[in-house]
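Only one structure is covered here, and it is reproduced in the block below.
The values are calculated or read from the model by the stated rules, or taken from the named source; none is laboratory data. Note that the structure is predicted; figures quoted are calculated from it, not measured. Glycine also receives a Cβ, built like all others from the backbone with ideal geometry; neighbour counts cover every protein chain displayed.
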Amino acid sequence: MPFANLHIVDHPLVSDKLAVLRSRTTPPALFRRLVHELTWLVAIEATRGLPTAPVTVDTGLATFETRALARPPAIVSILRAGLGMAEPLQELIPDAVQGHIGLYRDEATLRPVRYYQNLPDLTGRRVLLVDPMLATAGSSADAADILNEAGVPDADIGLLVLIAAPEGVALLAERHPGVAITAAALDDRLDENGYIVPGLGDAGDRYFGTL
């Protein structure tokens, strides 16, 4: 199923790490390490369009004309599972600023409920919105609403996820067609409880060991 707003990172290392991440026998410590490594791989693709500016570097042997980030992006994590992707992104882009949006899913309605918001000044910044799972997309779409309210247009928002469901990609495309999604995998469907199939279970519980 093609989606104009979705880019899947098709790479042998991504497939290999996802295979271990999905296994129900993978312990939390290994799960966390794999989330970090997969985030780096997804981030390389998701950040290809970051604006750069010319700089001159003195190597000690010569001066060298190259390019550097014009302005570091902002990393905004959807709590709590998004924290697992924010840390490796910060390692990759040390000068990035961070923000947090707290949302939880009402299990009766499957709709997101806002409970926390702390954003830096996002003026002129590309925003990397992170959450390991794009299931119903309620949380991601609501987070994009919040970023819009903070003055960030859809064109400056990139959503980074590990696993996406077609239903979630479609809903986000409907509500925020300008938001680009970069994912490690697109799975088959959602089940009756709104979980991704085949998926990997609850990413937050597995990451923090709260099963």
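Within the stretch 168-179, restricting attention to residues that are touching a strand residue (DSSP E or B) at 6+ places or on another chain (Cβ under 9 Å) and farther than 28 Å from SER23 by Cα, which residue is surrounded by the fewest Cβ atoms within 10 Å (Cβ to Cβ)?
For the stretch 168-179, the residue satisfying everything is GLY178.
Which residues, counting only those in the stretch 47-80, are of a type in the set (A, V, I, L, M), touching a Lys or Arg at 6+ places or on another chain (Cβ under 9 Å) and modelled with pLDDT under 95?
The answer is LEU50, and nothing else.
Starting from the stretch 126-139, take each residue that is farther than 17 Å from ILE8 by Cα and touching a residue at least 12 places away in the same chain (Cβ under 8 Å) and list its partners that are charged (D, E, K, R) and part of a loop (DSSP other than H, G, I, E, B), counting only C-beta distances under 6 angstrom and pairs at least six apart or across chains.
Here the result reads GLY138/ARG111, each pair linking the stretch 126-139 to a residue that is charged (D, E, K, R) and part of a loop (DSSP other than H, G, I, E, B).
Any idea which of ALA143, ALA165 is under 22 Å from ARG111 (Cβ atoms), in contact (Cβ under 8 Å) with a residue 40 or more places away in the chain and surrounded by 17 or more Cβ atoms within 10 Å (Cβ to Cβ)?
Matching residue, one of ALA143, ALA165: ALA143.
The rows are residues; the columns are (1) modelled with pLDDT under 95; (2) over 18 Å from ASP202 (Cβ atoms).
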position	(1), (2)
GLU107	yes, no
VAL113	yes, no
ASN118	no, yes
VAL127	no, yes
ALA137	yes, no
GLY151	no, yes
ILE157	no, yes
GLY168	no, no
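Which condition number does HIS7 fail, the rest of (1) in a loop (DSSP other than H, G, I, E, B); (2) in contact (Cβ under 8 Å) with a residue 12 or more places away in the chain; (3) closer than 17 Å to SER140 by Cα being met?
The single condition HIS7 does not satisfy is (1).
Does ARG22 count as under 14 Å from the mean Cα position of the chain (by Cα), among the basic types (Lys, Arg) and surrounded by 13 or more Cβ atoms within 10 Å (Cβ to Cβ)?
Judged against the criteria, ARG22 is not a match.
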